[in-house]
Each structure stands twice: as structure tokens, then as C-alpha cells.
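Taking it in order: structure first as C-alpha cells, then the write-up.
Taken together, the values in this text are just the output of simple stated rules run on the coordinates, not laboratory data. As the structure is a prediction and not an experimental result, all values here were calculated from the model. Note that we place each Cβ from the backbone using ideal geometry, even for glycine, and neighbour counts take in every protein chain shown.
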């Protein structure tokens, strides 16, 4: 505000209060006299001394401006401002620290991994062997026995009895010299059934191979069942058992001079002979064989070991002679057929190496890989009629189609390695699995981005991209 100035008189000026009034008495009314004329030689008027007093003016108080609805507060003291600033700064730090640890607690990591893939197209004729041989596919056999039955129109004949007979193999592990057995020598199986030798035979003595392995002498001959009946029928696919010479019981020769059924022993029968139309029997037998194959192949596929593959046409069957029996109905015969189906298995990795090439398989550096599409390849046996699962001779197979070699990503192993790492450090981990991971098509992220990968593997997601 402006300072108040009182009775400050500039030089050579007078205040109206100090103007003298000539010839004025105290009790006379105020009148103004005319000023006298100044003489030519007027003495200079003495300068009047005016006292200048200092008047204290209090400091200006800032005017408070009021706004509708608001009122300006008086300024705070400096100490209060500093204290408030420190409090606000501390609160911000606490909130920031809390937010950091909270974000890390709720952090999540997501990795999208693309497995490495090698496409393969094949159209090959290949040879498969029962034992591993260079440049050949190795196969293994599994077998299942089953039977099927149906009925046919028939003609019932007279009562007949017949004995089963068939060719078996005889072994001599007792002597290095030939061993002679005369006709009629009795052999007994594990079930107590007795067969007789149809003629005199001589079994060669045992020998040793070039590698020093023991090789028993062997020969083939015909055995005939001692009694009539179907229970003497036997197949080479039946559970293996030895037929021992009854006369040698209690002698060391009882265990080392013996016979094994390596062919079909059949023809045993007791009852009324039933006659059916040969053409009808042949077609019915074919139907029964197909039923046995389907049933046993479904079973074989359910028991294929891990790491092996069984194609639909990869099988061979050995079937017995169909039996025709009189049923409970007149002029109706029951036709039964038994057989053993051998499934031909291939090791997936071995087959993949032969079809895709060893270099493709080796590029996975020993890490696991899968073969999607390989079980859908077209597979056929070219020499099915000449193949014997008993002899285990070579197979000629034709394989066509397309499949892929795809690296197997070890998800659990990667999660454990990623746990607690910085996102930037995961590249080295993923690169160490480059034989099975496509690095260019794989990525990872952490939410929130400033946090590390959680230490809990359950908070790490790995998505396998197909």
C-alpha cells in the first residue's frame, strides 16, 4: 500500500498553516490581507527549516482473494514443507518397493517353442531281416493264438476213428556218435500223451561250430499218435515242449535225446464222419482265417511295446487244418479253425534311420525325436507266400508315403532350467537344445517385463507350436 506522507514541505514552498496574517488579533475573525509589494532591494528570505519525521508503516499484508467455493490457505512454514516432502518421498519408495515385490510374486513366463522338423518322402523296396544286418531293416515277431467257429450244411456218415500223425524233429545231445532209434519207440509229451516212431531212424551225433558253440545232431521223421482222437493233434505254434523217450526215464539220455514238434500233427478223430461240400468248406475256411487275423491283429496292436510300430499288413499266419464235426442238429456240421498270427514289428528309430537316412537322425545329436505320419505309410510284403515265421527268413517289403522327424522338446527339463533366470539368459539354454528346437521360430516373454522368470516351474508355461 502507498505510504502516508504528512507535512512534508518541498524547498521554497510553504504550507498554508504557516502563512502569517498581519494585524490579526486572536479574537478577530479571519481575514486575508493583501500582500505587500516587494522592495527592489529585498533581502533574501531565510529558508524555513522543516522537520521531517519518520513515520513507521507496518509491512503490507497480502490481500486475501476469495474465490467462490475455495479459499487460499496461508503459506506453511518451511520446516513443515520439508517434512511433508520427505513423507511423500518415503511413501513413494514404499509403494514402489511393494509394487516391485508384488509384481515379481505374480510374475508369469510364457515360452512358445517350435520343434525342429525334417520332412521325409519315401517310395522304397527294402529287405527286412530277423537279426540286425547292415543296410537291412531288422524285424521282430510277436504272436497270438486264436480260433473261430461256424456251421455248414453237411452229410453225416458212419462212426470212424483215426490217429493223428505228423513230422517232428529228433535231437541227439547225448553222444558225438550217431544214435539209432527203432520203429515203434514211444515218445511222451508233457501232458502224458504217447506217440510212436513210424520207422527206424539214426540221429547224427552232436558237434561244435567254428566259434565253439555246441550243436546237437538232428533229423526229421514221422510220429503217430498211440490212440485215436483229436487231443493228439498239435501245431508248431503250440507252447514248446519236448517229447522224451519213455524207455529212457531215469537215465541221463531221457533229457538229451528227444523230439520237438516242428510241423503239424493232425488227423486225430473219434466219431461219425461228417462230409461237407469242398467248395463251401474252402470259402468258409477263408472267412474263418480273416476273422482270426482281424481279432488277433487288434490284440497285437494293443500290446506293441513303446518305440515299435506294427503295420496293418505286417503279419504272417499259420493255420491248422479246419475240423468238421457233427453238431447237435442233423445235417449241420460245425467247422472250427485254429491259428497263430505273427505280428512283424519294427523299431521306430531304426526304421526312421533307414527311410530318412542316418544323417537326418544323427542331426538330433542323440536327443529324442518323434516320427508323426510314419505309422500311416503304405506297407506290403512282396514275398508273403515264401515267408515263414518259424524259419524267420528275410522279408521283401514295399514302403510308400510321407512322414516327418520332429524333435521332442523336454518341457519339464526346460522349466527347471528357466526357473529364476533373467529372460535374456534363456537364449543360451534354448540354444543348447537346438538339435530339437527351431530357434528362429521360438520365443519367450515375462509379465511384467522388468521381473525375472519365476522360481516356481508351475508359473512357467511352455507352448509347443505345431
So the strands (runs of 3 or more DSSP E) completely within the stretch 194-297 holding 3 or more residues that are farther than 28 Å from residue 392 by Cβ are 194-197, 217-228, 269-275
Scanning the stretch 325-344 for residues that are under 23 Å from residue 276 (Cβ atoms) and buried (at least 19 other Cβ atoms within 10 Å of the Cβ) gives 333, 335, 337, 338, 339
Note to self: With the structure loaded, tell me whether residue 343 is outside any helix (DSSP H, G or I), closer than 27 Å to residue 152 by Cβ and in contact (Cβ under 8 Å) with a residue 12 or more places away in the chain or whether it fails that test.
What the structure shows: no
Those residues of the stretch 267-297 which are surrounded by 18 or more Cβ atoms within 10 Å (Cβ to Cβ) and closer than 30 Å to residue 196 by Cα amount to 268, 269, 274
In the stretch 369-405, anything more than 22 Å from residue 140 (Cα to Cα) and surrounded by fewer than 20 Cβ atoms within 10 Å (Cβ to Cβ) is listed as 401, 402, 404
Being in a loop (DSSP other than H, G, I, E, B) and in contact with a strand residue (DSSP E or B) (Cβ under 8 Å, 6 or more places away or on another chain) narrows 170, 174 down to just 174
